[in-house]
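Worksheet: the structure to be examined is printed underneath.
The values are calculated or read from the model by the stated rules, or taken from the named source; none is laboratory data. Values in this document were obtained by computation on a predicted structure and should not be read as measured data. A quick note on method: Cβ atoms are made from the backbone with ideal geometry, for glycine too, and the neighbour counts reach across all protein chains shown. Only protein heavy atoms, including side chains, enter the accessible area calculation; ligands, DNA and RNA are left aside. Shrake-Rupley method; radii C 1.70, N 1.55, O 1.52, S 1.80 Å.
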2 protein chains.
Amino acid sequence: MEEREISRAVIGRLPRYYRYLGELLDAGVERISSNDLSKKMSVTASQIRQDLNNFGGFGQQGYGYNVKYLYTEIGKILGLNREHNMIIIGAGNLGQALANYASFEKSGFHLKGLFDVNPRLEGVSIRGIPVRMMDDLKTFLKHNDIEIAALTIPKSKAIEVADILVASGIKAIWNFAHTDLNLPEDVIVESVHLSDSLMKLSYNISRYNEEHGK
Amino acid sequence: MEEREISRAVIGRLPRYYRYLGELLDAGVERISSNDLSKKMSVTASQIRQDLNNFGGFGQQGYGYNVKYLYTEIGKILGLNREHNMIIIGAGNLGQALANYASFEKSGFHLKGLFDVNPRLEGVSIRGIPVRMMDDLKTFLKHNDIEIAALTIPKSKAIEVADILVASGIKAIWNFAHTDLNLPEDVIVESVHLSDSLMKLSYNISRYNEEHGK
DNA sequence: TAGATTGTTAATCGATTAACAATC
DNA sequence: TAGATTGTTAATCGATTAACAATC
């Protein structure tokens, strides 16, 4: 089976396609051409067709794309047709924010546990999930089939905790700590570096100010 | 003055360089070669030199780069030598999480206000900043010089609020809402789409499972 | 001075866009 | 059938890597 590697750039655009198609679906739009979609999304029609054809021919000449069908197919590509059990390590504001995102649940990401070191959080529940103490993590992972762990803890603890998670068989880490994680290559890591994002914003402000002589 | 446009890819890597240099600095490392840094960061030395030379020659032949100097210079490029006044719209978990990030304050991002529609939050303070009601937003912006607004509100309100912010003279929006914002091009928008990130993670899990026949 | 390492040019690689034949 | 629009190949553009002369 010939498996061409799909570029990171393409994968990075899929969620955005998915989002726009979801909106079209909600708006009751039945079909859309790459050209019309390209205008909405401010990308080229060529790129849309090229991107989609990495995964197969979802359209029809002379017709365009069926919104519902394409939405579902991209969902499948993104793995949203599966169920994903998830835990959150770090029940601070950010961990709680993630725990409260009802939309994740709708996409098949099921929160099964919340962990923290702070004893004052013990027993507190978020959306019915009690916060457990970190001491219970290993045992919990032994008895529950968890795929994804979100790491919403400070950088100082992140690497150590990541190692525990990997040793306990976690497949994927959604990392919010302000550090890179160097883990075995069969562990999937997706990092959200909020401060990197804020710095990019700040760069663009500086650039803008320079150009406008401020 | 010849201003070459610097590619988004390069800018996206700057915060990561900054992060690694900060760690080297903390570790007391005085100088580093592009080669040594490339090994630490898993990128090519060529890319590091190429990236940095977009902004000027920060190194010295035969010596490498002075860590402290390079750290400071990248900080300047990123605009971290300026002060940035900031507000947060949406004082839910995510807004509070951002408000509590002490490290932003250290980098010159000063939180000046927090806004929400929920009357139960009125008067509640986070790090000494009281939550204000949305009705007060326009007046507040008239009397305070705010550069950045973080939008941590649901998608349904985001576009409307963004328009108010722009009309009130906000320069930059750090958008966490699950939607793209179409604003005048002189307004800088940096979006953090958490669900896009989770979908990328999910994609990679599916891909991995396929490859390993699960 | 000799060795090390940058800054920068040239070569390669990959991603995006354009074009158009295939086909609904 | 004629018109529309895809899927796909070819052309272009940009980003990354390699190479090396400049120089500390």
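If I compute solvent accessible area with a 1.4 Å probe over the protein chains, what percent of it on the range A:110-153 is carbon and sulfur?
Percent of accessible area from carbon and sulfur atoms in the range A:110-153: 47.
Provide the per residue accessible area, probe 1.4 Å, for the range A:84-196, rounded to a whole number of square angstrom.
With the other protein chains kept in place, the range A:84-196 gives 45 Å² per residue.
Roughly speaking, what is the stretch gain from A:Ala45 to A:Lys68, that is 0.36 nm per residue apart minus the C-alpha to C-alpha distance, in nm to one decimal?
Gain on extension, A:Ala45 to A:Lys68, equals 6.4 nm.
What's the carbon and sulfur percent of the range B:1-107's accessible surface, probe 1.4 angstrom, rounded to a whole number? Present the calculation step by step, with values, prior to reporting the outcome.
On the way: 2560 of 5690 Å².
C and S atoms contribute 45 percent here.
What number in nm² do you get for the range A:133-214 if you take the convex hull of its Cα atoms and divide its surface by four?
Its average projected convex-hull area is 6.9 nm².
In 5 Å bins starting at 0, how do the alpha-carbon pair distances of the range B:111-169 split up by percent?
Taking all Cα pairs of the range B:111-169, the binned fractions are 4, 18, 29, 30, 16, 4 percent.
Would you mind working out the accessible area per residue for the range B:8-77, using a 1.4 Å probe, and quoting it in Å²? Mind dumping the intermediate values first?
Numbers: 3790 Å² over 70 residues.
Per-residue value: 54 Å².
If you put a point 7 Å past Cα along the Cβ direction, how far is that point for A:Glu160 from the same point in each other copy, in nm, smallest first?
Taking the point 7 Å beyond Cα along Cα→Cβ, the inter-copy spacings are 4.7 nm.
What does the buried accessible surface come to for A and B, summed over both chains, with the probe at 1.4 Å? Round to 100 Å².
On the way: alone 13730 and 13740 Å², together 21670 Å².
For A against B, buried area totals roughly 5800 Å².
Going 7 Å from the Cα of B:Arg31 in the Cα-to-Cβ direction, what parts of the range B:42-70 have a backbone nitrogen less than 16 Å from that spot?
Backbone N within reach: B:58-70.
For the range A:1-59, how big is the tail of P(r) above 13 Å, as a whole percent of Cα pairs?
Pairs farther apart than 13 Å: 64 percent.
Relative contact order for chain A: what percent, with Cα pairs under 8 Å and sequence separation of 6 or more?
Value for chain A: 13 percent.
List the residues of the range B:99-117 whose backbone N lies under 11 Å from a point placed 7 Å from the Cα of B:Asp136 along the Cα-to-Cβ direction.
B:113-116
In nm², what is the average projected area of the convex hull enclosing the Cα atoms of the protein assembly as shown?
Reported value for the Cα convex hull: 24.0 nm².
Say a label goes 7 Å from Cα toward Cβ at B:Asn81 in every copy; what distances in nm does this one have to the rest, shortest first?
Copy-to-copy label distances for B:Asn81: 5.5 nm.
Compute the Cα gyration tensor for the range A:84-196, then decide on rounded, prolate or oblate, letting a ≥ b ≥ c be the square roots of its eigenvalues: rounded whenever a/c is under 1.5, prolate when a/b is larger than b/c in the other cases, and oblate in all that remain.
Since a/c stays below 1.5, the shape of the range A:84-196 is classed as rounded.
Normalising by the residue count of the range B:8-77, find the relative contact order in percent from Cα pairs under 8 Å and 6+ residues apart.
Rounded, it is 41 percent for the range B:8-77.
About its Cα centre, what dipole magnitude does chain B give when the only charges are +1 on Lys and Arg Cβ and -1 on Asp and Glu Cβ, stated in debye to the nearest 20?
On the way: 25 positive and 26 negative charges, 117 e Å.
Using Cβ point charges on Lys, Arg, Asp and Glu, chain B gives about 560 debye.
Considering only the label points, 7 Å along Cα→Cβ from Cα, what distances in nm to one decimal separate A:Gly28 from the same position in each other copy, shortest first?
7.1
Per residue, what volume in Å³ does the convex hull of the Cα atoms of chain A enclose?
Convex hull of Cα atoms, per residue: 185 Å³.
Regarding the range A:35-134, what is the average projected area of its C-alpha convex hull, in nm²?
Taking the Cα atoms of the range A:35-134, their convex hull projects to 8.4 nm² on average.
Taking a point 7 angstrom from the Cα of B:Ser156 along the C-beta vector, which residues in the range A:103-125 have backbone N less than 19 Å away?
Answer for this model: A:103-107.
Once label points are set 7 Å from the Cα along Cα→Cβ at both A:Asn53 and A:Asn100, what is their separation, rounded to one decimal in nm?
Result for the modelled spin labels: 4.6 nm.
Short version: which residues of the range B:103-137 lose at least 20 Å² of accessible area, all chains versus chain alone, 1.4 Å probe?
At a threshold of 20 Å² (probe 1.4 Å), the residues of the range B:103-137 that become less exposed are B:Phe104, B:Phe109.
Longer than 18 Å from Cα to Cα, which of A:Lys142/B:Lys200; B:Lys142/B:Lys171; A:Lys157/B:Lys39; A:Lys76/A:Lys112; A:Lys200/B:Lys76; A:Lys112/A:Lys155 are they? Say none if no pair is.
Working: A:Lys142/B:Lys200 26 Å; B:Lys142/B:Lys171 14 Å; A:Lys157/B:Lys39 23 Å; A:Lys76/A:Lys112 23 Å; A:Lys200/B:Lys76 12 Å; A:Lys112/A:Lys155 23 Å.
Flagged as over cut-off: A:Lys142/B:Lys200; A:Lys157/B:Lys39; A:Lys76/A:Lys112; A:Lys112/A:Lys155.
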